[in-house]
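The values are calculated or read from the model by the stated rules, or taken from the named source; none is laboratory data. The model shown is predicted, which means the values in this text are computed figures rather than measured ones. Reconstructed Cβ throughout: ideal geometry from the backbone, glycine too, with neighbour counts over all protein chains shown. Each accessible area value is taken on the protein alone, full model and side chains, heavy atoms only, with ligands, DNA and RNA left out. Shrake-Rupley method; radii C 1.70, N 1.55, O 1.52, S 1.80 Å.
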Amino acid sequence: MVRFFSYICIGWLVLCSGVKAEEQIPTNELIAQGLQVRSEDPARMAIVITELEARSLSSTETYYLTFFQGYSEALQGNFDGAEVTLEPLFEQPIPHDLKVLVTNTLVNVYSARGNWLKGLETIDVLTQLIAGAEKTSEDYQNALAVKAIFYNQIEQYKLGLTHATELFGLADNTRRRCVATILMIDALNKLNLPLSPNTLLTDSKAECSGFPMLSAFATAVRAERHLVDGALDMVVAILQPKIAEFEAADYPPLIIDANYVLANAYWQLEQKNQAVALLSRLTDFDIVDVNKARLSSAYQLLADIRRAEGDLNAAIELMDKHAELRHSYLNNVTSKLMAYQLAQQQITEKENEIMLLSSQNELLETKEKLLAANVENDRLFISLLCFALLVLCMFMYRTRRNHTRLKQLAEYDALTGVFNRGHFTQLAGTALEYAQDSKQAVSMVLFDLDLFKKINDTYGHACGDWALKQVAEACQQVARHNDVFARIGGEEFCILLLGCDCDVAMDVAEKCRVAIEQIDTKPSGYNFTIRASFGVSDNQLSGYKLGRMLADADEALYCAKSSGRNTVSLYDPGAEETALLRPDGSPVT
């Protein structure tokens with residue numbers, strides 16, 4: 001069944017389509033749209049190619065145009081031309097993502113042409129290209145699909161099933177899950193294994209409902225499953241209403257598979273005339289590599305029918321055609337490989353038999369000794385196991401305790417209990433990358449306690465430490481739980497606000513300033529006021545780089561210090577002076 005994927009598998013990976021016809025669209029956007037629609041809308045793909053051919057392109061843009069041209073040739077069934085167009089790209093310094101796309105396409109081209117050796121070599125190249133890729137990535141999942149299709153086509157269904165099952169578990173969209181279910185059902189059909197999961201048929205129907213061509217393929221493999229299970233009436237009920245639709249699709253592999261499965265069901269239902277009509281239709285097709293395996297089965301079934309009718313001459317002629325097609329399908333490389341593997345397996349089995357006989361003789365001689373020693377060994381084993389478990393538990397307890405202690409020292413400021421500078425740098429860097437990827441706002445509030453040295457000199461360092469703790473607690477009450485709050489210097493603190501622009505950050509900074517100024521210092525044994533100056537910046541002003549954002553917030557902080565302290569300053573790269581707020585919230589003029 002999966003053989004007809006050679007006509008469409010090159011484009012299944014694309015998950016969405018729809019290009020707006022816009023004049024003077026930038027080349028990079030035109031390339032991105034071509035990648036989107038290359039399999040779902042060949043007509044629009046042709047428009048993209050035509051427009052790119054009319055433009056002056058950079059070398060990288062030219063590589064993408066070449067890929068589109070080769071891809072389109074493959075979609076049109078010109079696999080020879082696609083190979084000639086795409087293979088030279090491997091010799092060029094093309095981007096990694098384009099190399100993965102080219103490799104995926106060439107695997108399918110080689111498969112369609114029956115060049116299994118090159119296909120296997122390219123599978124190895126693909127495996128190297130995606131080494132280290134996240135399993136949730138598009139490249140990894142697309143590679144799984146290509147491998148599953150290829151292995152099913154060379155009749156290595158166990159390998160195909162393994163890759164398709166992994167894809168089914170990882171796929172994050174309906175199109176990939178649809179393809180995975182089709183490949184899984186096809187492999188299980190050929191291996192004559194029960195469906196796993198048992199909802200696979202209904203899953204396939206549901207996942208493929210939004211994709212007309214894939215839905216047709218899913219219908220065909222489901223019908224073949226019913227044929228394997230002996231549910232012949234179900235085969236007829238599913239395929240008979242679809243035969244005209246499959247004919248209209250004009251994909252020979254799909255028509256051949258559907259007609260063969262339906263004819264087989266009719267034959268087993270003793271409806272010979274219907275079976276013969278369908279099989280005779282198949283003999284009209286041109287013989288191409290992608291059709292040979294199923295066509296050979298069709299000729300074999302038709303030969304069985306003629307033999308049952310007593311027409312031995314016709315049966316022999318049809319069986320000769322079946323043998324010719326089957327022999328042609330199994331090329332010399334595959335045949336030799338399979339013969340070599342079979343011979344190696346037979347040799348291994350013989351060696352195992354000899355080793356087993358020798359081992360049995362030795363076992364008979366030592367059996368008495370082992371039986372006598374078993375009881376003592378069991379006692380010793382149980383004692384050692386208990387001791388080992390005790391040591392392991394103690395080790396795990398100490399390791400966990402030490403890990404917790406080291407983590408506390410490495411990530412938190414020992415005095416205030418907030419993050420230290422090192423851990424803040426790590427968390428803030430990660431948060432900024434996430435904000436950039438998801439296009440979220442992010443802002444930075446940097447503040448420094450005013451005249452803190454005077455507090456230390458006047459009231460002592462113990463009082464200064466007390467003040468730092470109170471400042472941290474007061475600001476934690478203002479900040480959100482997911483804000484990254486850290487002490488990054490002696491009396492310097494920083495808050496990273498994810499999802500907040502500068503207006504929100506200015507409000508948070510002002511609330512922190514007020515909260516710090518309202519700290520009751522009498523519990524320290526002294527009566528004094530704590531004040532702080534604040535600098536604020538966000539991604540709109542400073543971008544998403546941590547160093548730049550800290551530097552800009554520090555510049556705003558310096559401006560706040562220079563303008564009388566106890567103020568909030570917003571970094572403004574375009575102004576001669578950075579915006580300030582007085583303690584009452586009014587701007588400094």
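Numbers below:
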quantity	calculated
Out of 245, 207, 270, sole residue that is surrounded by fewer than 22 Cβ atoms within 10 Å (Cβ to Cβ) and within 24 Å of residue 75 (Cβ to Cβ)	245
Residue count for region 55-92, restricted to those that are in contact (Cβ under 8 Å) with a residue 24 or more places away in the chain, touching a Phe, Trp or Tyr at 6+ places or on another chain (Cβ under 9 Å) and farther than 16 Å from residue 111 by Cα	3
Evaluation of residue 175 against (1) touching a Gly at 6+ places or on another chain (Cβ under 9 Å); (2) buried (at least 22 other Cβ atoms within 10 Å of the Cβ) (one fails), failing number	(2)
Output for region 436-455, where each listed residue is open to solvent by less than 20 Å² (accessible area, probe 1.4 Å) and either of a type in the set (Lys, Arg) or outside any helix (DSSP H, G or I) (or both)	442, 443, 444, 445, 446, 447, 449, 450
